[in-house]
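Structure, as structure tokens:
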Amino acid sequence: MSGMHRASLALLLLALAPTASFAQSNQSPSIVLPTVIVTAEKAASEIKEVPASVTAVTAATIENSGLRAITDAAIFAPNTVFTEFTARKVSNARFRGIGSSPGNPAITTYLDGVPQLNSNSSNIELLDVSQIEFVRGPQSPLFGRNTLGGIVNVTSAKPSMSAWTGSAIVPFGNSGLWEARGSVSGPIGDKAAIGFAAGKQQRDGFTQNTITGNKLDSRDGTFTKAQALFVPNANWEARLIYAYERDRDGDYALADLSAIRIAPFHEGFTNRDINNTTVNIRGTGQNFAIESTTGFVAWKTEDDTDLDYSPLPLATRTNLEEDRQFTQQVRLASPDNAPLAVGSTMVKWQAGIEYFDQGYDQDAVNSFSAFVLNPQVGFPVSMHSPEASIDSNGFGLFGRATITLNDKVDLTGGLRFDHEKSDAHLNTFFSPAIAPANVVTADQSFDDVSPQFAFGYRVNPQQTAYVSVARGYKAGGFNPAALPGSEAYDEEHAWHLEGGWKSTLSGGKVAASAAVFFINWDDLQLNVPNPFVPGQFYIANVGSASSSGAEFDVTARPRSDLDVFASLGFTSAEFGEGTMANGAAVSGKSLPYTPDYTALLGGQWTHAVTTAISGFARAELALTGAFSYDEGNTEGQDAYSIVNIRAGARAKRLFAEVWLRNAFDTRYVPIAIPYPGFAPSGFIGENGRPRTFGITLGTSF
């Protein structure tokens, strides 16, 4: 570890140990941090009451940090990383070493209560978003399939019922970046409100093709959101949300890992269209509350890219994917803030049923020039790998109760049953037919039970300790393409043990939390490369693994004009005894894309320049520990750090700021994949985002 990283971690440890000096501050006791409400357990609760590790990125943080996409917010959550390419369609969350493929995520993203069953639709632009919650640890007892590692819970801001409000911002910067975002909402009569938001962004690519002189990884996106809110009385609420995103991005900026600055000859594109419709209805009675969430999601992606990553047009790939899903949840619960009272004992409960139906289609064509596949094949060949159709449906039944004894002890128990069925038609073939086609038509069903138990103890109203144990579940299914005989894969399960402490200190000026965890899972699903198809991966059950670590988080407001924040996470995750991946023993090896640590240290200072104008300055130092790219730990990324800086001025209606992301232009390669044959180093990868800078102008009313 470099001297800079050691010094930075030392500063973080100091920041994560609030001292009594805050309590002795001469500031007014009215200086307190705002209360954070989360829906990490489906019902609204104060974050300190949730017996799990939750990081809430609020609307204020989204605005102050200039966050544009969900993955940008990951730096605020310890032990959280996203493996993603520059093209927005490929983005997979990883918590504490747990992750998987887009089609079978271990961490599912929920957009206004609707699960994104494929992560191709999960990394969206932050348009009218009020909060992002990173909930680490198994959520299967409440959320079911594919939440073995946790969830990312995204909530849209409600339209204003009191007055018409709106805002608009126009950022522009280097690399040809410009954006325009705006939103407006307001009441329609006294029982309804509507809201509209839209945005447009463009930038040139960061990576230049040295053969053609063109930029590769450009971005061009258009996104909209419309909402209608109806509140007929104090007990009922109905909400309709429609969101659309259209991305027209450039090619992947991949190149040989040992010569990452070499650009490929072929220049392609990655396109994505997402339609997301949500209908939410809530009602509250004297004895129970009811909630219905209906979701319709349809997305389509199309990409065209180089496969040989050399100046020669040897191999290219076109890939078309489409997915449509329908989800329905109905949940009954005790009324908000009105648990069932039995003497001095209070009971909070919830129960529900969920249903999903999903259809996925893919047609990926790898085109090879003459003699590339085999010296005996002297003509161009196209390989459909795959032409696939996978249909899945299932349901889940869940129940959970928390018994509070003497306002001190919380005893929580939860249980969920899930059933699902998948039908697959998979076809891999050559054109011309130089080899027999591999056709698979099959179906399989899965049943699973996920339990959870938690014990919480309130030392006082400001401090809570908890211990929880839960079993996480990730569904089995089919690979659209895989080695013959490996098309199907089985479920993955994991037991999690976690202990934590949450506290409010110094009269509300400091909020701090700490957690330790241990994870043990079997039938681990791992993305392994197909040695016969360049750049293609499939899921295989490889054996067992374990992960352990700790997380710390602190936010403080020592003065009315100063906010400081820090987080630190350590993870040690490795494959278990006898685990084999791609025919090789990997026991004792580190899980891919699991940094030794993640950390964040930052602060924001605000100062009144005049009675009408305030200035502000903000800095963030994000550190990422070393990690491996593959299960054999043959290649990896060393520890690196990134600094983000913002400063500006705000008036009542206007604001302006300057910003730098990756201010010191740190060079790093956040993702690389095994690529034997075409790549001399055996890996291809993408550089991380370089230094970007610019100005943002905005207005609000």
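Quick notes
- For the stretch 646-666, a residue qualifies if it is open to solvent by 30 Å² or more (accessible area, probe 1.4 Å), in contact with a strand residue (DSSP E or B) (Cβ under 9 Å, 6 or more places away or on another chain) and farther than 14 Å from residue 66 by Cα, and the qualifying residues are 649, 650, 651, 652, 653, 654, 664, 666.
Yes or no, residue by residue, for (1) in contact with a strand residue (DSSP E or B) (Cβ under 7 Å, 6 or more places away or on another chain); (2) within 30 Å of residue 268 (Cβ to Cβ):
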residue	(1), (2)
344	no, no
386	yes, yes
393	yes, no
396	yes, no
399	yes, no
408	yes, no
411	yes, no
418	yes, no
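- The stretch 312-327, subset farther than 21 Å from residue 280 by Cα and β-branched (Val, Ile, Thr), residue surrounded by the most Cβ atoms within 10 Å (Cβ to Cβ): 316
- Selected residue [open to solvent by 50 Å² or more (accessible area, probe 1.4 Å), of a type in the set (D, E, K, R), in contact with a strand residue (DSSP E or B) (Cβ under 7 Å, 6 or more places away or on another chain) and within 30 Å of residue 439 (Cα to Cα)] from 357, 361: 361
- Residue match in the stretch 579-593 (condition: farther than 26 Å from residue 639 by Cβ, touching a strand residue (DSSP E or B) at 6+ places or on another chain (Cβ under 7 Å) and of a type in the set (Gly, Ala, Ser)): no
Okay, residues lined up against (1) within 23 Å of residue 698 (Cβ to Cβ); (2) modelled with pLDDT of 95 or more; (3) surrounded by fewer than 20 Cβ atoms within 10 Å (Cβ to Cβ):
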residue: 33; (1), (2), (3): no, no, yes
residue: 41; (1), (2), (3): no, no, no
residue: 57; (1), (2), (3): yes, yes, no
residue: 91; (1), (2), (3): no, no, no
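- Selection status of residue 289, among the aliphatic types (A, V, I, L, M), more than 30 Å from residue 384 (Cβ to Cβ), open to solvent by less than 20 Å² (accessible area, probe 1.4 Å) and touching a Phe, Trp or Tyr at 6+ places or on another chain (Cβ under 8 Å): no
- Candidate set from the stretch 266-286 (those that are out of contact with any strand residue (DSSP E or B) (no Cβ under 6 Å at 6 or more places or on another chain) and under 30 Å from residue 113 (Cα atoms)); member that is most open to solvent (accessible area, probe 1.4 Å): 286
- Qualifying positions in the stretch 618-635 - within 29 Å of residue 535 (Cβ to Cβ) and open to solvent by 40 Å² or more (accessible area, probe 1.4 Å): 633, 634, 635
- Every condition in (1) within 21 Å of residue 390 (Cβ to Cβ); (2) open to solvent by 10 Å² or more (accessible area, probe 1.4 Å); (3) modelled with pLDDT of 95 or more holds for residue 114 except the one numbered (2).
- Filter result (in a helix (DSSP H, G or I) and either over 18 Å from the mean Cα position of the chain (by Cα) or farther than 30 Å from residue 655 by Cβ (or both)) within the stretch 42-63: 47, 48, 49, 60, 63
- Scanning the stretch 129-138 for any residue that is among the hydroxyl-bearing types (Ser, Thr, Tyr), at pLDDT 90 or above, closer than 30 Å to residue 687 by Cβ and surrounded by fewer than 24 Cβ atoms within 10 Å (Cβ to Cβ) turns up nothing.
- The stretch 328-339, residues that are open to solvent by 20 Å² or more (accessible area, probe 1.4 Å), over 26 Å from the mean Cα position of the chain (by Cα) and in contact (Cβ under 8 Å) with a residue 40 or more places away in the chain: 332, 336, 339
- Selected residue (criterion: surrounded by the most Cβ atoms within 10 Å (Cβ to Cβ)) from residues of the stretch 393-407 that are among the polar types (S, T, N, Q) and either in contact (Cβ under 8 Å) with a residue 60 or more places away in the chain or within 16 Å of residue 352 (Cα to Cα) (or both): 402
- Single match in 443, 423, 418 (criterion: touching a residue at least 24 places away in the same chain (Cβ under 8 Å), open to solvent by 20 Å² or more (accessible area, probe 1.4 Å) and either in a strand (DSSP E or B) or within 30 Å of residue 469 (Cβ to Cβ) (or both)): 423
- Comparison of 333, 315, 351, 401 shows that the only residue that is in contact with a Leu (Cβ under 8 Å, 6 or more places away or on another chain) and at pLDDT 95 or above is 351.
- Wholly enclosed strands (runs of 3 or more DSSP E) of the stretch 469-550 bearing at least 3 residues within 21 Å of the chain's Cα centre (by Cα) and surrounded by 19 or more Cβ atoms within 10 Å (Cβ to Cβ): 492-505, 510-522, 525-529
- Meets criteria (in contact with a helix residue (DSSP H, G or I) (Cβ under 8 Å, 6 or more places away or on another chain), more than 27 Å from residue 500 (Cα to Cα) and of a type in the set (Asp, Glu)) for residue 63: no
- Evaluating residue 455 against the criteria (1) under 15 Å from residue 100 (Cβ atoms); (2) surrounded by fewer than 16 Cβ atoms within 10 Å (Cβ to Cβ) leaves one unmet condition, (1).
- Flag set for residue 695, criterion: assigned to a strand (DSSP E or B) and surrounded by fewer than 20 Cβ atoms within 10 Å (Cβ to Cβ).
- Residue in the stretch 564-615 that is surrounded by the most Cβ atoms within 10 Å (Cβ to Cβ), counting only those that are at positive phi and without any contact (Cβ under 8 Å) to a residue 24 or more places away in the chain: 588
- Any hit, the stretch 75-85, residues being touching a Pro at 6+ places or on another chain (Cβ under 7 Å) and touching a residue at least 60 places away in the same chain (Cβ under 8 Å): yes
- Here the condition is being in contact with a Lys or Arg (Cβ under 9 Å, 6 or more places away or on another chain) and among the hydrophobic types (A, V, I, L, M, F, W, C); of 341, 364, 370, 388, it holds for 364 alone.
- Filter result for residue 261 (at pLDDT 95 or above and out of contact with any helix residue (DSSP H, G or I) (no Cβ under 8 Å at 6 or more places or on another chain)): no
- Residues within the stretch 625-645 that are over 14 Å from residue 66 (Cα atoms), among the β-branched types (Val, Ile, Thr) and touching a strand residue (DSSP E or B) at 6+ places or on another chain (Cβ under 6 Å), tallied: 1
The values are calculated or read from the model by the stated rules, or taken from the named source; none is laboratory data. Only a predicted model underlies this, so the values are computations on that prediction, with no experimental measurement involved. Cβ sites come from the backbone with ideal geometry, for glycine too, and all protein chains shown count toward neighbours. In case anyone asks, the SASA skips ligands and DNA or RNA and just uses the protein heavy atoms, side chains included. Shrake-Rupley method; radii C 1.70, N 1.55, O 1.52, S 1.80 Å.
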